[in-house]
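Input: a single structure, listed below in structure tokens.
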Amino acid sequence: MINVAILGFGVVGSGIAEVLTQNKDLIKNKIGEEINIKYILDLRDFPDSPFADKVVHDFNIILNDEEVSIVAEAMGGLHPAVDFSEAALKKGKSVVTSNKEVVAEAGDMLLKTATENGVRYLFEASVGGGIPVLRPLGTCLAANKINSINGILNGTTNYILTQMIDFGKTFEVALKEAQQKGYAEANPTADVEGIDACRKICILAAIAFGKLINPSKVSTTGISKIRLEDVKNAANAGYAIKLIGQAKDIDSKMYVSVAPRLVAYNNLLAKVDDVFNGVLINGNAVDDVLFIGRGAGMMPTASAVVADIVDIAGRPEIKNQNWDKAEDNDLAPLSEKISAYYVCVSNTEEQAKAIFGDIKAISSCDGEFAFITNAMKKLQFEELASKATVISALEIL
Ligand code: HSE
């Protein structure tokens, strides 16, 4: 029997307990051993829960119990989740997590700690919820030099943008609905300002390039300033606005950013709607590969956490990844990035043409003129934009 402790009995933690219980026999048949939930750590008691007798309030009970070989961290937040994870690894317990903040901030250290202690650290659920994407990127695509990753990595913002695009709802109404459906983080700022997507693209980039860039070094823009007018202008020109986490290899340096971008309708990512996430990976041998699935929610996230538990239980000998910290000279300068732009200005069409040159007009109404530029370096775009009265400007993917 393999004994597991779950840290945190919120949405994800209770999902893990439910999947392990519901699929107990099926999992046992796969790995030949039963997985038993021995403890659930939480500050609260859950007297009405079928797991009430498993709840403990002191992490040391778990740490000092040699029968516990796998810890599932579903606490959220950086501390004490990172400290508990490190302590468990040092005690020879494997750790699995859905906590993208911990992986993006300290994944390099935790992977090294796991390797030094002969155990495993896995975090499939930290990116893309229930989508199997991290393990395929690290193993099935291992033969490739990864050229680019473009991902819709946040279910809440994708839900909000879909509601704005398809039903003309305002940002505020759609956000409230996403919160009611349990997609949003406790503090929705992390979702709507792109912070959650940023953590996830840092994790994907680390698997692709072997270097973990700290989220604080990533240019990150969220969707809170997207207007219904921009959504409509984009649709008129054949694009959907999506929050895209992007990681690229530019001349052997890493380029990583998060921003709302216009995605052409003929790009497969444009059709990834609602709470679904999509990750489009381009490798130099395989070309494009697209992963799609539910990027948030209790059971999809628990599906990925439990799969990590099953993987460790069934294949404890597999090596951990090894990440280094990305240094400044590993990073491609943002100003060199080449893109075309969607722009909405309060200038006239003539003035816009005089400033931006050859442009493709989209619409002109209520004193606003919207258009698409030719591709140019970000630095050049910023110079031109400073000469106009820009209302909105978004990169085209
Ligand atoms: N708040 C996150 C999202 C949850 O909306 O994608 C899953 O990481």
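Remarks
- Seen against the Cα atoms of the chain and their longest principal axis, helix 100-116 is set at about 50 degrees.
- For the stretch 1-40 and the stretch 307-346, distance of Cα centres in Å: 29 Å
- Relative frequency of Cα-Cα separations exceeding 16 Å in the stretch 78-170, percent: 65 percent
- Of the trypsin sites (Lys or Arg not before Pro) found in the stretch 41-141, those in coil by DSSP whose Cβ has at most 11 other Cβ atoms within 10 Å are 44.
- Summed residue charge, Cβ within 13 Å of residue 345's Cβ, Lys/Arg positive, Asp/Glu negative: -4
- Put a plus charge on the Cβ of each Lys and Arg, a minus charge on the Cβ of each Asp and Glu, and nothing anywhere else: the dipole of the chain about its Cα centre is then about 640 debye.
- Backbone HN-Hα couplings from phi across the stretch 283-299 [Karplus 6.51/-1.76/1.60, Hz, Gly and Pro as x]: x, 6, 9, 7, 6, 8, 9, 10, 10, 9, x, 6, x, 7, x, 4, 6
- Derived scalar couplings ³J(HN,Hα) [the stretch 253-265; Karplus, 6.51 cos²θ - 1.76 cosθ + 1.60; whole Hz; x for Gly, Pro]: 10, 8, 10, 9, 7, 10, 6, x, 10, 7, 10, 4, 4
- Label separation (residue 236 vs residue 28): 6.4 nm, computed from points 7 Å beyond Cα along the C-beta direction.
- Of the GluC sites (Glu not before Pro) in the stretch 325-379, the ones in a loop by DSSP (not H, G, I, E or B) with at most 15 other beta carbons within 10 Å are 327.
- Estimated purely from DSSP H runs of n ≥ 4, each contributing -39500 (n - 2.57), the mean residue ellipticity at 222 nm for the chain is -10000 deg cm²/dmol once divided by its residues.
- Space enclosed by the convex hull of the alpha-carbon atoms of the stretch 200-294, per residue, Å³: 121 Å³
- Orientation-averaged projection of the stretch 127-206 equals 6.0 nm² [convex hull of Cα atoms, one quarter of hull surface area].
- Counting every alpha-carbon pair across the stretch 134-294, the share separated by more than 19 Å comes to 52%.
- Per residue, the Cα convex hull of the chain amounts to 138 Å³.
- Residue 366-residue 353 pseudo-label distance in nm [points 7 Å out on the Cα-to-Cβ vector]: 2.5 nm
- Between 0 and 90°, nearest 10: helix 81-90 axis offset from the chain longest Cα axis: 50 degrees
- For the chain, share of DSSP beta bridges that run antiparallel, in % to the nearest 5: 65 percent
- Radius, Kirkwood style, for the stretch 335-396 when every pair of distinct Cα atoms is counted (Å): 11.3 Å
- Separation of alpha-carbon centers, the stretch 140-208 and the stretch 58-87, rounded to whole Å: 27 Å
- D (Stokes-Einstein, µm²/s), Kirkwood Cα radius, the stretch 257-397, 1.567 mPa s at 4 °C: 68 µm²/s
Coordinate-derived values only; no laboratory data. Remember, it's a predicted structure, so these values are computed and weren't measured experimentally. Reconstructed Cβ throughout: ideal geometry from the backbone, glycine too, with neighbour counts over all protein chains shown.
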